[in-house]
Amino acid sequence: MLPQEFVAKWSKVTLKESSASQEHFIDLCRLLEHPTPAEADAEGASFTFEKGARKSTGGQGFADVWKKDYFAWEYKGKRASLAEAYQQLLLYREDLGNPPLMVVCDLDRFEVRTNFTNTITQVYRFGTADLSDRKIFAILRAVFFNPEALRPGQTTHGLTQAAATQFAT
């Protein structure tokens with residue numbers, strides 16, 4: 001699938017999250033030339049839809065998509081709150097192995113948040129129409145193939161040291 005085809009298809013979709021999210025994700029896999037969850041892991045041990053997880057507040061929930069050591073992904077319907085989707089992912093984060101990337105999407109908008117230990121969180125925000133941009137495409141490709149490429153250079157320790165040095169000066 002080409003970026004223009006993806007944009008053309010998904011910019012006009014008005015389906016609810018439950019009706020569209022898995023097809024949307026499979027189309028992203030096709031766009032990025034990445035195996036779908038079932039193609040990559042027929043047992044769902046390391047890459048799957050609807051990954052069950054214990055919530056940090058108690059109870060059970062599900063991440064819409066999970067790829068071990070890569071990302072946890074939560075969908076919401078178009079124009080829904082991505083902040084709420086992110087808060088939902090945070091409840092599952094520990095039980096999902098603390099993935100380095102947390103992705104939320106409403107079928108039109110994407111937010112990729114870095115979640116690397118001892119680093120400052122970086123947020124990448126873009127829309128479906130932006131996928132034709134090579135830089136945006138590279139960010140999404142890194143989510144699927146190389147999360148380390150999105151690791152922020154600034155650590156919390158480094159930031160604290162820089163602030164202390166500046167304060168001392």
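The values are calculated or read from the model by the stated rules, or taken from the named source; none is laboratory data. Quantities reported herein were computed from a predicted structural model and do not represent experimental measurements. Don't worry about glycine lacking a Cβ; one is built from the backbone with ideal geometry, like all the others, and counts go over all protein chains shown. For the accessible areas, the whole protein counts, side chains as well, though only heavy atoms, and no ligand, DNA or RNA atoms are used. Shrake-Rupley method; radii C 1.70, N 1.55, O 1.52, S 1.80 Å.
Give me the residue from region 103-141 that is part of a strand (DSSP E or B) and out of contact with any helix residue (DSSP H, G or I) (no Cβ under 8 Å at 6 or more places or on another chain) and, out of that set, nearest to Leu28 (Cα to Cα).
Result: Gly127.
So that you can scan it fast, the table gives a plain yes or no per residue for (1) part of a loop (DSSP other than H, G, I, E, B); (2) open to solvent by less than 40 Å² (accessible area, probe 1.4 Å); (3) more than 26 Å from Ala149 (Cα to Cα); (4) modelled with pLDDT of 95 or more:
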{"residue": "Leu15", "(1), (2), (3), (4)": "yes, no, yes, no"}
{"residue": "His24", "(1), (2), (3), (4)": "no, yes, no, yes"}
{"residue": "Cys29", "(1), (2), (3), (4)": "no, yes, no, yes"}
{"residue": "Ala38", "(1), (2), (3), (4)": "no, no, no, yes"}
{"residue": "Gly44", "(1), (2), (3), (4)": "yes, yes, no, no"}
{"residue": "Asp64", "(1), (2), (3), (4)": "no, yes, no, yes"}
{"residue": "Lys78", "(1), (2), (3), (4)": "yes, no, yes, no"}
{"residue": "Gly97", "(1), (2), (3), (4)": "yes, no, no, yes"}
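Residues in region 6-34 that are free of Cβ contacts under 8 Å to residues at least 12 places away in the same chain and either among the charged types (D, E, K, R) or more than 16 Å from Lys76 (Cβ to Cβ) (or both): how many?
5
With the structure loaded, tell me whether Glu74 is open to solvent by less than 20 Å² (accessible area, probe 1.4 Å), touching a Leu at 6+ places or on another chain (Cβ under 7 Å) and not aliphatic (A, V, I, L, M) or whether it fails that test.
Considered against the rule, which asks whether it is open to solvent by less than 20 Å² (accessible area, probe 1.4 Å), touching a Leu at 6+ places or on another chain (Cβ under 7 Å) and not aliphatic (A, V, I, L, M), Glu74 comes out as yes.
Just one of (1) exposed (fewer than 13 other Cβ atoms within 10 Å of the Cβ); (2) at pLDDT 95 or above trips up Gln161, so point out which.
So the condition that Gln161 fails would be (2).
Let's see how each residue does on (1) buried (at least 17 other Cβ atoms within 10 Å of the Cβ); (2) under 15 Å from Tyr70 (Cα atoms); (3) in contact with a Leu (Cβ under 6 Å, 6 or more places away or on another chain):
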{"position": "Arg113", "(1), (2), (3)": "yes, yes, no"}
{"position": "Thr128", "(1), (2), (3)": "yes, no, no"}
{"position": "Ile136", "(1), (2), (3)": "yes, no, no"}
{"position": "Val143", "(1), (2), (3)": "yes, yes, yes"}
